[in-house]
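A.B. asks: Sharing a structure, written as C-alpha cells. Questions coming.
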Amino acid sequence: MFRFLHSSDLHLGKAFGGYPEGVRNRLREARHGAIVRLAQAARTGGASTVLLAGDTFDAETPAPETLRHALRAMAGEADINWIMLPGNHDSMAATELWRRVVTDGPANLRAITDTHPFEVGAGVMILPAPCTQRRPGRDLTEAMTAPTPEGVLRIGLGHGAITDFSEEGVGTGIIPPDRSTRSGLDYLALGDWHGRMQVNPKTWYSGAPEADGFKHDMTSGALLVCLNGGPRVDVVETGTIGWRTVALDLLPGEDCLARLSKELPDAGLRRDLLLRLEVTGRLPLADHAALMAEAQAIAPDFGWFDHDFSGLATDAQPDDLDRIDRAGALRQAAEVLLADSTNPARAQSDRDISAAALSRLYALALEVQA
Ligand SMILES: [Mn+2]
C-alpha cells in the first residue's frame with residue numbers, strides 16, 4: 001500500500017494582470033500559501049509524498065523571490081518529499097530555472113529532469129514524462145512504458161492535454177486517454193487542466209490547488225491517492241479564494257433582488273470570493289435600476305466584483321417616463337430614446353443602445369431625486 005498527494009499547476013508567480021493591485025497580491029500570496037496547505041493535506045491524509053505534476057511555476061524565468069520563497073517553503077515542510085515535474089509553463093527548456101531548483105532546492109525536493117523511473121517508496125516507482133518544451137508536439141508519456149522490476153507499483157507522472165481538451169484550448173490532445181493501460185500503470189497523475197477531472201479509474205487531473213480563473217466552477221484541492229490494488233482517490237480541499245460566475249436570466253414580474261440574493265453567499269464568505277455577475281433577460285426600467293443599485297451596493301463585500309448587464313433588455317413603459325420628468329428637456333430626451341428603442345425600422349443594435357441610454361437616464365433621474 002502507498003499513499004501520496006497528487007497536485008499540479010500551482011503557477012507560482014502568476015501576475016493576474018487586469019486585476020487591481022490588492023487583488024493581484026492576494027492571488028499571488030494564495031498560490032504561495034498552497035505549498036504549506038498541500039503539506040498539511042498530505043500529513044493529515046497519512047502521506048509523506050507530494051507529486052507536483054507540472055506548472056509549479058507560471059513562467060520559465062520566475063522572479064528570484066518567487067523561486068526562493070517556494071524552495072524555502074518546501075524546505076520548511078521537512079517531513080514531506082516533494083516531487084516536481086516540469087510542465088509546459090516551466091518546461092525543461094527553462095534550463096536556468098531547473099539548474100537553480102536542483103542546486104538551491106532542499107534535500108526533500110526532487111526535481112525531475114529526465115524520464116528515468118525512480119523509486120519513491122519501497123516497491124513503488126515513478127515513471128515521469130517531463131515536458132521538454134512549451135509545446136512538445138508529441139506524446140512524451142510513451143516513456144512511461146519503461147520496464148520496472150517485477151511486482152512494483154507504477155505511478156506515471158505527466159503534464160499535458162489528453163484527447164480533445166487542454167487548459168489553453170490550443171492544439172490537439174497528445175496524451176492517449178488509455179495511457180495507464182498501455183503502459184501498465186497503477187495510477188497516472190496528470191497536470192495541465194486546472195479543474196479536477198477523472199479521465200478513467202486510474203487517470204486523474206488533480207486541478208490547481210488554488211483556483212486561478214472563472215473557467216472551472218468547483219472548489220480547488222488536491223487528490224489523496226491510496227494505492228492498494230486499484231487506486232482509491234479522495235479529494236482534499238486546499239483552495240482559499242473562490243472564483244464564481246453568477247448568471248441571472250430575468251423576466252418582468254420576477255423579484256430580481258430576491259433572485260440575486262438567493263445566488264449570493266453569506267456576507268461573511270464574500271471577502272474571499274471573486275464574483276462576476278452576468279445578467280440577461282428583460283426587466284422593467286424600475287427593476288433594472290434597482291438591480292444596478294444593488295450591484296453597486298454589494299460590490300465592496302467581495303474580494304473582487306464585476307457585473308455585466310449588457311445582455312439585459314429593458315421594458316420601458318410610458319408611465320416610466322413620468323418618473324424621469326413630466327415635461328422639459330429630460331422628458332423629451334426620454335421620449336426620443338423610448339421611441340428609438342422600439343422603432344422596428346432601426347437595427348436591433350441601435351435599438352439596444354437607445355434602450356441602454358434610457359435606462360441610464362432613468363437611473364440617473366432617480367439618483368437626483370433621491
Ligand atoms: Mn497549467
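A.B. asks: If we keep just the residues of region 54-69 that are in contact (Cβ under 8 Å) with a residue 24 or more places away in the chain and of a type in the set (D, E, K, R), which is nearest to the ligand (Cβ to nearest atom)?
C.D. replies: Checked region 54-69; the qualifying residue nearest to the ligand (Cβ to nearest atom) is Asp55.
A.B. asks: Moving on. Whether any residue in region 359-366 is in the same structural domain as Ser261 (by TED's automatic domain parsing), within 30 Å of Leu269 (Cβ to Cβ) and within 41 Å of the chain's Cα centre (by Cα) is what I want to check.
C.D. replies: The answer is yes; a qualifying residue exists.
A.B. asks: Something else about it: Scan region 50-64 and tell me whether some residue there is assigned to a loop (DSSP other than H, G, I, E, B), at pLDDT 95 or above, of a type in the set (S, T, N, Q) and open to solvent by less than 30 Å² (accessible area, probe 1.4 Å). Let's see the steps before the verdict.
C.D. replies: The first filter runs over region 50-64 and keeps only residues assigned to a loop (DSSP other than H, G, I, E, B), leaving 53-56, 58-63.
Pick out the ones that are also at pLDDT 95 or above and you get 53-56, 58-63.
Cutting the leftovers down to of a type in the set (S, T, N, Q) gives us 56, 61.
Still in the running and open to solvent by less than 30 Å² (accessible area, probe 1.4 Å): 56.
Looking for residues that are assigned to a loop (DSSP other than H, G, I, E, B), at pLDDT 95 or above, of a type in the set (S, T, N, Q) and open to solvent by less than 30 Å² (accessible area, probe 1.4 Å), one finds at least one in region 50-64, hence yes.
A.B. asks: Could you say whether any residue in region 7-25 is out of contact with any Asp or Glu (no Cβ under 8 Å at 6 or more places or on another chain), touching a residue at least 12 places away in the same chain (Cβ under 8 Å) and open to solvent by less than 10 Å² (accessible area, probe 1.4 Å)?
C.D. replies: Within region 7-25, one or more residues are out of contact with any Asp or Glu (no Cβ under 8 Å at 6 or more places or on another chain), touching a residue at least 12 places away in the same chain (Cβ under 8 Å) and open to solvent by less than 10 Å² (accessible area, probe 1.4 Å).
A.B. asks: Within region 218-231, does at least one residue satisfy the condition of being away from the ligand (no atom under 16 Å from the Cβ), at pLDDT below 95 and assigned to a strand (DSSP E or B)?
C.D. replies: Checked region 218-231: at least one residue is away from the ligand (no atom under 16 Å from the Cβ), at pLDDT below 95 and assigned to a strand (DSSP E or B).
A.B. asks: Is it the case that some residue within region 237-246 is part of a strand (DSSP E or B) and either of a type in the set (A, V, I, L, M) or over 27 Å from Asn25 (Cα atoms) (or both)?
C.D. replies: yes
A.B. asks: Here's a follow-up. Do we have any residue at all in region 210-223 that's within 13 Å of the chain's Cα centre (by Cα) and under 30 Å from Gly123 (Cα atoms)?
C.D. replies: For region 210-223, residues within 13 Å of the chain's Cα centre (by Cα) and under 30 Å from Gly123 (Cα atoms): present.
A.B. asks: Hey, any hits in region 131-149 for a residue that's in contact (Cβ under 8 Å) with a residue 60 or more places away in the chain, more than 23 Å from Ile175 (Cα to Cα) and open to solvent by less than 70 Å² (accessible area, probe 1.4 Å)?
C.D. replies: No, because not a single residue in region 131-149 is in contact (Cβ under 8 Å) with a residue 60 or more places away in the chain, more than 23 Å from Ile175 (Cα to Cα) and open to solvent by less than 70 Å² (accessible area, probe 1.4 Å).
A.B. asks: Moving on to the next point. Restricting attention to region 80-104, which residues are open to solvent by less than 20 Å² (accessible area, probe 1.4 Å) and of a type outside the set (A, V, I, L, M)?
C.D. replies: Of everything in region 80-104, those that are open to solvent by less than 20 Å² (accessible area, probe 1.4 Å) and of a type outside the set (A, V, I, L, M) turn out to be Trp82, Pro86, Gly87, Asn88, Asp90, Ser91, Trp98.
A.B. asks: Would you pick out the residues in region 191-212 that are open to solvent by 20 Å² or more (accessible area, probe 1.4 Å) and within 12 Å of the ligand (Cβ to nearest atom)?
C.D. replies: Trp193, His194, Asp212
A.B. asks: Any residue in region 175-189 that is in a loop (DSSP other than H, G, I, E, B), out of contact with any strand residue (DSSP E or B) (no Cβ under 7 Å at 6 or more places or on another chain) and open to solvent by 20 Å² or more (accessible area, probe 1.4 Å)? If you could, list the steps in order and put the result at the bottom.
C.D. replies: The first filter runs over region 175-189 and keeps only residues in a loop (DSSP other than H, G, I, E, B), leaving 176-178, 183-186.
Then keep just the ones that are out of contact with any strand residue (DSSP E or B) (no Cβ under 7 Å at 6 or more places or on another chain); that gives 176, 178.
Those left that are additionally open to solvent by 20 Å² or more (accessible area, probe 1.4 Å): 178.
Among the residues of region 175-189, at least one is in a loop (DSSP other than H, G, I, E, B), out of contact with any strand residue (DSSP E or B) (no Cβ under 7 Å at 6 or more places or on another chain) and open to solvent by 20 Å² or more (accessible area, probe 1.4 Å), which makes the answer yes.
A.B. asks: I would also like to ask the following. Could you tell me whether Ala107 is at pLDDT 95 or above, open to solvent by 70 Å² or more (accessible area, probe 1.4 Å), over 19 Å from Tyr187 (Cα atoms) and aliphatic (A, V, I, L, M)?
C.D. replies: Details: at pLDDT 95 or above: yes; open to solvent by 70 Å² or more (accessible area, probe 1.4 Å): yes; over 19 Å from Tyr187 (Cα atoms): yes; aliphatic (A, V, I, L, M): yes.
Yes; evaluated as a whole, the condition is true for this residue.
A.B. asks: Would a scan of region 23-32 turn up a residue that is at positive phi and either away from the ligand (no atom under 16 Å from the Cβ) or in the same structural domain as Gly151 (by TED's automatic domain parsing) (or both)?
C.D. replies: No, because not a single residue in region 23-32 is at positive phi and either away from the ligand (no atom under 16 Å from the Cβ) or in the same structural domain as Gly151 (by TED's automatic domain parsing) (or both).
A.B. asks: Please indicate, with yes or no, whether at least one residue in region 72-84 is more than 17 Å from the chain's Cα centre (by Cα), touching a residue at least 12 places away in the same chain (Cβ under 8 Å), within 16 Å of the ligand (Cβ to nearest atom) and assigned by TED's automatic domain parsing to the domain that holds Asp114.
C.D. replies: Yes, because at least one residue in region 72-84 is more than 17 Å from the chain's Cα centre (by Cα), touching a residue at least 12 places away in the same chain (Cβ under 8 Å), within 16 Å of the ligand (Cβ to nearest atom) and assigned by TED's automatic domain parsing to the domain that holds Asp114.
The values are calculated or read from the model by the stated rules, or taken from the named source; none is laboratory data. Not measured: the values here are computed from a predicted model. No Cβ is skipped: glycine too gets one built from the backbone with ideal geometry, and neighbour counts run over all protein chains shown. Areas reflect the complete protein model, heavy atoms only, side chains present, ligands, DNA and RNA absent. Shrake-Rupley method; radii C 1.70, N 1.55, O 1.52, S 1.80 Å.
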